[in-house]
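Below: the structure, in C-alpha cells.
Rule-based calculations on the coordinates, nothing more; no lab input. For clarity, every value in this text was computed on a predicted model and none was experimentally measured. Methodologically, a virtual Cβ is constructed for each residue, glycine included, from the backbone with ideal geometry; neighbour enumeration extends over all protein chains shown.
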Amino acid sequence: MIENLILGFQTAFTPENIFWCFIGVFAGTVIGLLPGLGSTTGVAILIPLTLTLEPVTALIMLAGIYYGAQYGGTITSVLISTPGEAASVVTTLDGYKMARNGRAGAALSISAIGSFIAAIISLALLMALAPPLANLALQFGPVENLAIMILGLVIVVSFAGGAFSRGLMMAALGLLISTVGVATGFSSARFTFGNVDLLSGIPFVEVMIGLFAVGEVLHQIRVGAAAPIRTKFRDLMITRSELKRSVGPILRGSGVGFILGILPGAGSTLASFMSYGIEKRVSKNRDQFGKGAIEGVAAPESANNAAANANFVPTLALGIPGGGTTAVLLGAFTIYGLQPGPLLFETQPTLIWGLLVSFFIGNVLLLVLNLPLAPVFGQMLRIPYGYLYPIILLTSFVGAYAVSNNFFSVLIVFVFGIIGWIMKEVDLPMAPLVLGLVLGPLFEKSLVQTSAIGQGSFLVLFEHPISVVILVFAALLAAGPSLTRRLVARRHAKQADRENDKTPVAH
Amino acid sequence: MITARRAGLGASIVLAVIGIAAVLGGTGYGMFVDGGEVGPGFLPVFAGSLVALFAVLDVMGRLKRVPEHDPLKEVAGADEELAADLAAESDVDIFGRTQSQRTRMLAIVLGVLVATLALVQVLGFIPAFGLMLFVIAVFVERRKWLPSLLVTVVTCVVVYLIFVTFLRVPLPEGVFGGF
Amino acid sequence: MKSRTVGAAALGTAAILTLGACAGGGASASSSGEPSGDVRMIVPFSAGGGSDQSGRAIAAGLEEGTSLNISVENREGGSGAVGYSFFLGQEGNPNYLLASETALLALPLTQDVEFSYESFTPIMKLGDDYTLLVVPADSEWETCTDVVDAASSDRVVAAVSGATSLDEIVFTLVEDAEGVEFDRVPFESGSEVLAGLLGGQVDVASLNPSEVLGQLESGDLKALCAFSEERYEYEALADIPTAKEQGVDVSFAQFRGFIAPGGISDEAREYWIEAAQAFAETDAYDSYIEENVMQANAVYGDEFVEYLEGNSADLEKVFAE
C-alpha cells in the first residue's frame, strides 16, 4: 500500500504531469461553465487533444477535466440556476437562493471545500479498498438496484415538504417523460408519434437547461428585475459559522455519495438527491432549506463528488464503468492500448497508482484554483440583468446544440423553457421532475430485469438478502417519518437547551 | 391572486389529462409480455396513473383552499381586470416597471426568441442569437446601443472561440459562412 | 506500440491543425461530387462503445490518407435507429459517412424504420467480430454442449444486451439449432452484461472477445466456445474451440465497416473506396483490428453489398418468429 503510494507519487508528481493536470482542470472548469456541457461531453470532446501525450499524462489530464467540469457545473448552478449535470440539480435549490441573497461566494467556497473533503475521503477508501469493494458491488444485481431505487424515491419524497403531493406528481411526470422512446429490452418505440429524434427519448440535459436556465430567465422577466446584487467582496467570503454548520453535511454527504457511487448505474444523481433529503431530515436548520441553507449546498456537492470518485471502484477494479464519464475514460484506456479488467491493478501498477495519486493532485489543484476564485465568480452577478439574461439565453441554446449537434435539442430547450416558466408560476417543483427523468430509464431497466429474473414475479425482491435489508430500511423511513422527526426534535431540543444556557441565540 | 390560482388549476387539469392519456397509451403498448414479465407499457401506466392521481388531488386541494383575505379583491369586487391592475400597480420593480409592462416584455422576449430560432437557418446560429442579444438589450431593456453592441460582439466572439474553434462544434451556418 | 504512438501523434497533430483550419469551409458538397473540406463520420451509438471506437479509428485512418478533416459525431438512440435515420436524410451528400455494424441489417427487420441497407452506399467492411460463450470461472459447465444440455432440462438465464444485439441473435440461433430455450435478462451494454455475469445474476453470456479479454486473463470468467467459423489466431484465444467443433452448428459474425449516404455520385463512391483501400494498408488499420480482437476481413463496394445481402437473409430467419 505504502509502496504503491510512493510509486504513484513518483509517477504522477512530475512537473509535466502537474502542468497538464492543471490545464485539464482549467479546461474542464470552462467546459463545465457552459450550459449543458458536463463532464461526460467534456472528456469525450477533449480526448483527441490528449492523444499526443504519454498514457499516464493523458489520463491525468482527463481526470483533471473530469473534476474541473463537475465544479464548473456547480458554478453555474449557483450563479444562474443552470446545472451542468443532473448531479448538481439539487445544488440549485439552495445554492441559487444563496447567490440571490448575496452569498454566492460562500456557496461556491463550500462546494469547493465539500468536494475536496469528499474527494480525499473517497480516494483514501478507493486506494485502500477498491478490489474488495468492487466485489461487494457485484452483489448488487438488478434486484438490489431496484430496491435501492425504491429507497431513493422514498428518501427523496421527503424533499417536497409541504407540497408533498406536488413533488411526487412531478417525479412521476419525470418518470413518464423518460418513457418516450425505445426502452431497454424492447424494440417498440413509445410516444414518439413517428418522430425519429424522439426515438432516443427526451434528453435530460436539454430538459434541465430548459427548465432551470430558460425557465428561470422567463420567470425573472415577469417578476421584475431584482436589484442587482451589490455586495462587498468581503461578503462573498465564507464565514466561520457557515463552515462549522457544514461539517456534518459534508461528512454524511461523502458517505452517501461513496456508497451509491460504487454501484454501477445509480450513481451521483441519486446520491446528491438522497444526501439533500437526509440533511433536510436531520438538520436543525430544516426550515431554511430551499431558502438558502448552506447545508443544502454542502451535502449534495460532497455527495456527488464522492460518488464521482467511487465510480472508479468498479471502473478500475473490474473494468466496468460506474457512470457515463468513466465509460468514456474506459474507452480512452483502450486507445492507449490498456486492457481494462480486473488485472489492471497488477499489470499496470504504475499507471493505476499514478492515476489515483493524480486524482488527489487534481482535487488539490481544483481547490487551489477555485477557492480564491469563488468570490470573483460571484462578481459575475454584477453584470446588469438586462445583459445577463440574453447572454444566458444565448449560451443555453448554443450549449444545448453542442450536446448532440442537433437542432432538435434547441427545440427541446425552448419547449421546456416555457414549461419551466409555467411551473414556476403555478408553484410546481422542478427538481423532482429531473430526478424522475434521470432515474426513469434505470428504474425501468431494473423493473424489467427483476421481473425477468423472477419470471414475472417481484417476490424475488424478498429472496435476496441485500434487497430485503434495503427494503426494510425504506419501509422504516416511509412509515416512521414522524418517529425520526420526534427523535431528531428531542435531540435538538436538548442541544438548544444547552446552547440557551450559555448564550441567548438570536434567530 | 385570481389569475395565478386559475393557472394552477389549469396546469393540474392538463397534467391529469396527460396522465390519463399515458395510461391509455401504455395499456396499448402492453403492460406485461408473455409469462407475466414487465412489458413496455408498464412504466407509462404506472407513472401516468400517479401523475393523474396527484393532479386530481391537487385540483381538489386548490379548489377547496379558502381564498385568502384579499383587500384588493374587496375593493375591486368582481371586476377581475381592475383587481389585476391594482395588484400590478402595487408591484413595481426597481426600474419602475409595472406587472403588466413586464408581462408585455415577457411576451416580446418570447416572440424574439421564436424569431431567433427561425432565423438560425438563414443567418447562422451565432449571428441569429447575437442579434437577439442586441435586440433584447436595446429595445426591451432600453440599454444604450453602443455598450449593447460591445457586449454583443464580445459575447459572440467568446462563444465562437469556445464552441467553434476550441470544441469544434459544427454550429449551423448561414449567409455569413463560418461565423 | 510504436505504430500506435505514430498514429496517435498524427491524429493529435491533425486535431491541432484543424483547430486552426476549421474556421472556414462548411460541410458542403463541392461541385465535382467528390468530398472536400469537412467530413462528418456519424456514429449511431454513444461515445466509448465498440461502434464509437471503430468510427474514430476509421475517421483517423481516412484523414491520414486524404486531405480531409473528418470529425466524429455520436447520434445515439433507438439501438442505432436515430443515427441511421439521420443519415438517410443526408442522401446525395458525399461529405457524410457512418460507422456501420449489424444494426444496419437488424433494425429494418425488427423496427419500423424507413431505411434498409439498400438505402445507402456501402463502402468498406473492416472485419468481423464474433462472440464467445462465457460463464463464471466456478461454473460447472465446460463446453457449449453442457450449456445446451442444461437448457433442455433446467432454466438457464442468458444475458442479452439489447433486443436486436449480436448476443440476442446468437442465442436465438442456438435455440433454433438445438431446440432449447434460454431465459433472457436484458441489459444495456456489454459491460453491464459482464457485471451481471460476475455477480451471478445470469448464468451465461455471449460477448465479443475484446469485452472479456481482461476477465479471461484474470481467470474470473472462462470461455466455453467461440461462435465463429474457425478458431481465433490470437494467442490468448487459440485454445477456445468453436461451437461447431462441440457439435453446436452456430456461427455468426458482426461486421464493422462504414457506409456513405445513398445517391452519391460514382466519383464520390470511387473516391471513398480508394481511400478505404489505402486505409487498410496502414498500421493504424492493423492495430485497430488487433486491439479489438477482430478478424481482419476487408471487402469493398459491390462485394460489401453482396455480403450484406447474404447476411440480411440469415438475419431474416432469426427474426422471423
Inset, instruction - Based solely on C-alpha atoms, express the radius of gyration and the Dmax of the protein assembly as shown in angstrom. - result: 28.5, 93
Inset, instruction - Order these peptides, A:361-367, C:90-96, by their mean beta-carbon neighbour count within 10 angstrom, highest first. - result: A:361-367, C:90-96
Inset, instruction - With just the Cα atoms of the range B:99-166, tell me how far they stretch along each of the three principal axes, in Å, largest first. - result: 43, 26, 16
Legend entry - Theoretical gain in end-to-end length, residue A:458 to residue A:16 [0.36 nm per residue, Cα-Cα removed]: 153.7 nm
Legend entry - Global geometry of the range A:396-442, whether rounded, prolate or oblate, following the gyration tensor of its Cα atoms and the 1.5 cut on a/c: oblate
Inset, instruction - Set the Förster distance to 56 Å, then compute FRET efficiency between residue C:217 and residue B:103 from the Cβ-Cβ distance, nearest 0.05. - result: 0.25
Legend entry - Per-residue ³J(HN,Hα) for the range C:100-112, Karplus 6.51 cos²θ - 1.76 cosθ + 1.60, θ = phi - 60°, Hz, x for Gly and Pro: 9, 8, 4, 4, 4, 8, 6, 4, x, 7, 10, 10, 7
Inset, instruction - Run the quick spin-label model on residue A:364 and residue B:110: label points 7 Å from Cα toward the beta carbon, then report their separation in nm to one decimal. - result: 5.4 nm
Inset, instruction - Return the ratio Rg/(2.2 N^0.38 Å) for the range C:132-237, where Rg is computed over Cα atoms only. - result: 0.98
Inset, instruction - Report the local net charge at residue A:274: Lys and Arg +1, Asp and Glu -1, summed over other residues whose C-beta lies under 13 Å from its C-beta. - result: +2
Inset, instruction - Please give the net charge around residue A:288, taking every other residue with its beta carbon less than 9 angstrom from that of residue A:288, where Lys and Arg add +1 and Asp and Glu add -1. - result: -1
Legend entry - Surface/4 estimate of mean projected area, convex hull on alpha-carbon atoms of the range A:41-180, nm²: 11.9 nm²
Inset, instruction - Grab the beta carbon distance between residue B:24 and residue C:115, set R0 = 25 Å, and tell me the FRET efficiency rounded to 0.05. - result: 0.20
Legend entry - Average projection area in nm² (convex hull over Cα atoms of chain A, one quarter of hull surface): 24.6 nm²
Legend entry - residue C:138-residue C:235 FRET efficiency (beta carbon distance; Förster radius 25 Å; 0.05 resolution): 0.50
Inset, instruction - Quickly rank A:384-392, A:5-13 as a protection proxy: mean count of other C-beta atoms within 10 Å, highest first. - result: A:384-392, A:5-13
Legend entry - the range C:245-284 - convex hull of alpha carbons, volume per residue in Å³: 134 Å³
Legend entry - Proximal charge balance of residue C:242 [Cβ under 13 Å; K/R count +1, D/E count -1]: -4
Inset, instruction - Mind pulling up the Rg/Rh value for chain C? Radius of gyration and Kirkwood radius, both on Cα. - result: 0.99
Inset, instruction - Run the quick spin-label model on residue C:67 and residue A:382: label points 7 Å from Cα toward the beta carbon, then report their separation in nm to one decimal. - result: 5.2 nm
Inset, instruction - Using DSSP, restrict attention to beta bridges with both residues in the protein assembly as shown and report what percent are antiparallel, rounded to the nearest 5. - result: 65 percent
Inset, instruction - Using a 10 Å cut-off on Cβ to Cβ distances, tally the other chain neighbours for every residue of A:453-460 and report the average as a whole number. - result: 3
Legend entry - Rule-of-thumb Rg ratio for the range B:1-61 [Cα; 2.2 N^0.38 Å; N residues]: 1.39
Inset, instruction - Please list the non-local residues whose amide H lies under 5 Å from the amide H of residue C:45, H modeled 1.01 Å from N, same-chain partners needing a gap of 5 or more. - result: C:75
Legend entry - Peptide C:68-79 - average C-beta neighbours from other chains (10 Å radius): 4
Inset, instruction - Write down the Å³ per residue value for the convex hull defined by the alpha carbon atoms of the range A:119-159. - result: 73 Å³
Legend entry - Stretch in chain A that is longest and holds no trypsin sites (Lys or Arg not before Pro) that DSSP places in a loop and that have at most 14 other beta carbons within 10 Å: A:1-229
Legend entry - Highest average packing first - B:147-153, A:67-73, Cβ atoms within 10 Å: A:67-73, B:147-153
Inset, instruction - Tell me which residues come under 5 Å, amide H to amide H, from residue C:207 once H is placed; ignore anything under 5 positions away on its chain. - result: C:132, C:134
